[in-house]
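In what follows, a single structure is set out as structure tokens and then discussed.
Bear in mind that the values in this text are calculations on the coordinates, not laboratory data. Treat the numbers as computed from the prediction; the structure is a model and nothing was measured. Glycine also receives a Cβ, built like all others from the backbone with ideal geometry; neighbour counts cover every protein chain displayed.
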Amino acid sequence: MKSKIKKKDTVLVISGRDKGKKAEILKVYPETGRALVSKINVCTKHVKPTQAEPGGRRDKEMPINLAKLMLVCPKCEVAIRPKIDRLATGEKVRVCRKCSEVIL
Ligand SMILES: [Zn+2]
């Protein structure tokens with residue numbers, strides 16, 4: 001199934017340890033079906049100090065499976081499975097099933 005989630009979308013995490021959190025998509029990896037989501041699925045890396053930077057713990061997001069994410073409508077702020085509609089121009093757009101807002 002082709003993903004309906006794009007960069008800069010707000011999504012709701014529906015499973016895993018970040019379940020229930022809303023966050024923004026930073027990047028989508030269509031070839032692996034995963035996405036990088038801001039502050040979600042963070043792993044802590046321990047970094048050795050170098051001359052340029054002090055060492056310590058560094059938080060880094062890891063990609064999460066798109067199946068664990070649901071698009072959040074920017075208008076009504078509800079997590080939805082968008083409907084795909086085709087405009088007169090032939091362009092496909094996502095439409096909120098709840099408030100009928102077109103989500104670009
Ligand atoms: Zn909506």
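A few points about this structure:
- Cross-link pairs beyond the 31 Å C-alpha cut-off, checked among LYS60/LYS83; LYS21/LYS98; LYS6/LYS48: LYS60/LYS83; LYS6/LYS48
- Size descriptor for the chain, Kirkwood hydrodynamic radius: 15.2 Å (Cα pairs only, one decimal).
- For the chain, averaging the sequence separation of C-alpha pairs within contact (under 8 Å, six or more residues apart) and dividing by the residue count gives a relative contact order of 21 percent.
- Neighbour-count order for VAL95, VAL37, fewest beta carbons within 10 angstrom listed first: VAL95, VAL37
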